[in-house]
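Below is one structure, written out as C-alpha cells; comments come after it.
Derivation of every value follows stated rules applied to the coordinates shown; laboratory data play no part. Bear in mind the structure is a predicted one, so any value in this text is a computation, not a measurement. Here Cβ is always computed from backbone atoms with ideal geometry, including for glycine, and neighbour counts include all displayed protein chains.
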C-alpha cells in the first residue's frame, strides 16, 4: 500500500476534492524502490483503466523521471472534481489501489486548468 505525503500540507487533496470546480488535473508524484517499478507500472495501468471507464475522464499520462531512481508523474485530467470524487470512491478503484508496492510514496495535488490566450485552453 502506498504512503501519502501531500504536495502542499496546508491544502491537502482531501480538502481540494470537496471543492466544486473543473476541469481539473491531478498531479501525482510517485517514488518507489527500483525493484518495485515493474509492479507499480502494472498496478498503475490497471487503476488507469478503471479511472478511464468512469464518466468525466479526459486524459492521463505517466512520465518517468530521467535517472536511476524510479519516480513517476501521473498527470490525470477530468471534467470536474465531482468526477474525481466518484472515480476515487468507486469499489473497483479502491480494490486495485491497495495493490501498489509498499515502497511507494505518493504526493498528490489537484490543479484547476487555466486558459492562457494564444498558448493553452482550460
Legend entry - Peptides 78-85, 67-74 ordered by average Cβ neighbours within 10 Å, highest first: 78-85, 67-74
Legend entry - Taking 116, 43 and counting other C-beta atoms within 10 Å, the order from fewest to most: 116, 43
Inset, instruction - If a/c stays under 1.5 just call it rounded; otherwise compare a/b with b/c (prolate if a/b is bigger, oblate if not). Do that for segment 41-102, with a ≥ b ≥ c from the square roots of the Cα gyration tensor eigenvalues. - result: oblate
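At a 10 Å Cβ-Cβ cut-off, how would you order 32, 19, fewest neighbours first?
19, 32
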Inset, instruction - Note the angle between two axes, namely the Cα long axis of helix 37-53 and the longest principal axis of the Cα atoms of the chain, as a number of degrees from 0 to 90, rounded to the nearest 10. - result: 30 degrees
Legend entry - Convex hull of Cα atoms in segment 3-112, direction-averaged projection (nm²): 6.4 nm²
Inset, instruction - Starting from the Kirkwood radius over alpha-carbon pairs of segment 9-62, derive D by Stokes-Einstein at 25 °C in a medium of 0.890 mPa s and give it in µm² s⁻¹. - result: 183 µm²/s
